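Read the structure below first, then the notes.
The values are calculated or read from the model by the stated rules, or taken from the named source; none is laboratory data. The structure displayed is predicted, hence computed values, not measured ones. Neighbour counts run over all protein chains shown; Cβ positions are idealised from the backbone, glycine included. Surface accessibility is based on the protein's heavy atoms, side chains included, excluding ligands, DNA and RNA. Shrake-Rupley method; radii C 1.70, N 1.55, O 1.52, S 1.80 Å.
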Amino acid sequence: MLSRIPLRPRTVVALGLAGAVTVIVVLGKLLGGPTQPVTSSVQPPIVAPSAVDPHEGDDGLVQLDPTPSPMKASNGPQAISVATKFAQQWIKHNRSAADWLGSLRPHSTDALLAELDGVDPAGVPADRITGAARMEALADSFVEVVIPIDAGTLRLRLIVSQGRWLVDGIDWERV
């Protein structure tokens, strides 16, 4: 004789779920399709490669020059001048944030000014420029100017906007 086991609510729910899963699996097996994958003996037709018109040129792999020559910005000296003026104002951090940001405005894009808005100039890590700026041209309208400062190296990204160079990004590397 079976002894009476009290059924708790969790036990009833677990048994009900187990029963429902069993019913679903059994119905799936009975009503489902074949259990083996269907394979087709029909193969897609093989198409021969089309002929290339010799007057159209070669559309094969492009051979890139392994040592490309560096790009030269057409007005590089102007970019260096703008970057130097920006750096001279950027290191003058002993003034109010509004004055500091205002001095950067003529040399900066609106996007950079928005990023610098609210920055405390006291956090600028440099006090003086220690060497000449040099340009690393990346494209005719995008360059990076590297300026040695007493705290390391200041890297300014400049873009051409409305016909003139403007600083669009700042980065610096500590010594």
Worksheet entry | Any pair with Cβ under 9 angstrom, 6 or more apart, that starts in segment 14-32 at a residue that is modelled with pLDDT of 80 or more and ends at one that is not in a helix (DSSP H, G or I) | Leu15/Leu7; Lys29/Thr35
Worksheet entry | Tally, over segment 105-134, of residues that are open to solvent by less than 30 Å² (accessible area, probe 1.4 Å) and part of a strand (DSSP E or B) | 1
Item to complete: Scan segment 131-138 and give yes if some residue there is over 16 Å from Ala87 (Cβ atoms) and of a type in the set (Gly, Ala, Ser), otherwise no.
Response: yes
Fill in: Selected residue [at pLDDT 90 or above and among the β-branched types (Val, Ile, Thr)] from Val175, Val143
Val143
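Regarding Ala98, is this residue open to solvent by less than 20 Å² (accessible area, probe 1.4 Å) and of a type in the set (Gly, Ala, Ser)? Break it down into steps so the answer makes sense when it comes.
Working: open to solvent by less than 20 Å² (accessible area, probe 1.4 Å): no; of a type in the set (Gly, Ala, Ser): yes.
Spelling it out, it is not the case that Ala98 is open to solvent by less than 20 Å² (accessible area, probe 1.4 Å) and of a type in the set (Gly, Ala, Ser).
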